[in-house]
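First the structure, in the form of structure tokens, and then the observations on it.
The values are calculated or read from the model by the stated rules, or taken from the named source; none is laboratory data. All values reported here derive from a predicted model rather than from experimental measurement. Cβ coordinates were reconstructed from backbone atoms using ideal geometry, including for glycine residues, and neighbour counts include every protein chain displayed.
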Amino acid sequence: MNGSPIKRPRLLIPLLFVILCAALTVTYWAVFLRGSVSTDDAFVDGDPTSISSKIPGRTTLLSSAEGDSVRPGQLLVRLDDSDLRAQVAQGEAAAELARQSVALAQVNVQKAQEDFDRAATQFRGGIVTQEQYDHARRALDLAQAQAKVAQAQEANAQAQLEVVRTQLQNTEIVAPAGGVIARRWVMPGDIVQPGQPIYTVYDLQDLWITANFEETKLASIRLGSPVEITLTAYPRRKFRGKVILIGAAAASEFSLIPANNASGNFTKVTQRVPVKIELEDVPATSLSAPHRDGISGPTVRLLPGMSAEVKIRIQG
């Protein structure tokens, strides 16, 4: 009987601790989790622009480095053009030769026309024979055909010259859009092939959040649903956004080797679908984003690939 009052506090304290933990869990769920879906499989995303060459060549100039800002039309890359300039000179000579051939053919047509007119007049007067008249007519036909061939050769030489001139223009590569260089893939002097990336440029003024939600949560997500975003780089800041796009296919469909479950060895795995979220209070990079209380904080710099956590408020 003397030990009973001592044992009761020992049992009561753990019981109170369990009740307190349960109460805190229920409160957290009711306040923060109820009526929303969330995921930490989210990141800052944007459209990369790949700067590449149309022709093979050796790089002689890379005007920008990683982190540099570029504007539309700015020269970024120059390739060695010595061979193409020689081909241009060769093409111009061939085009001039073709023009002279056309002029010569026109002279021959004119002479053959005069000979035929003279032979026709003499044939009607009985001065020349039918054979001589036929020879003059065939000579005119031959001269006209040769003139057409010369004109076609001139057009072909001019077209080949334009092709080389276009390739010469392609030795200078400009930025198709403005942005910031995120990656330089080659070094000066490297030989690049058509389509090989040289620069990757991101427009940091046009970024969004891509969140990969489990398919079991998609039924609660609607276009325009408000979103609360936390960036790992700024853990004490809360950003607002809204859902602007729900993916048309699961992310696994775009993997290098999509899963094929037709073999019979099937294990069900919950798939994730990308959801595109527009940031509302950080419209552009390098801006001072206000807190929810309206007080400006330090400059926020968003970069593609940054990790984020999102919580979408369920509507209805």
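Annotations
- Qualifying residues in segment 106-135 (those that are at pLDDT below 90 and hydrophobic (A, V, I, L, M, F, W, C)) - the one nearest to Q90 (Cα to Cα): F116
- Test: A159 is closer than 23 Å to D81 by Cα, in a helix (DSSP H, G or I) and either outside the structural domain of P72 (by TED's automatic domain parsing) or touching a residue at least 40 places away in the same chain (Cβ under 8 Å) (or both): yes
- Segment 22-74, subset modelled with pLDDT of 90 or more and of a type in the set (A, V, I, L, M), residue surrounded by the fewest Cβ atoms within 10 Å (Cβ to Cβ): A65
- Among the residues of this structure, A93 does not count as one that is part of a loop (DSSP other than H, G, I, E, B), among the aliphatic types (A, V, I, L, M), over 30 Å from E228 (Cα atoms) and out of contact with any strand residue (DSSP E or B) (no Cβ under 6 Å at 6 or more places or on another chain).
- Residues of segment 142-190 satisfying the condition of being under 19 Å from G57 (Cα atoms), surrounded by fewer than 18 Cβ atoms within 10 Å (Cβ to Cβ) and under 22 Å from the mean Cα position of the chain (by Cα): Q169, N170, E172, V174, W185, V186, M187
- Failed item in (1) touching a residue at least 60 places away in the same chain (Cβ under 8 Å); (2) touching a strand residue (DSSP E or B) at 6+ places or on another chain (Cβ under 7 Å); (3) not basic (K, R), with L245 passing the rest: (1)
- Elements of type strands (runs of 3 or more DSSP E) contained in segment 193-296, each with 3 or more residues being modelled with pLDDT of 90 or more and under 17 Å from A308 (Cβ atoms): 197-214, 226-231, 234-246, 272-279
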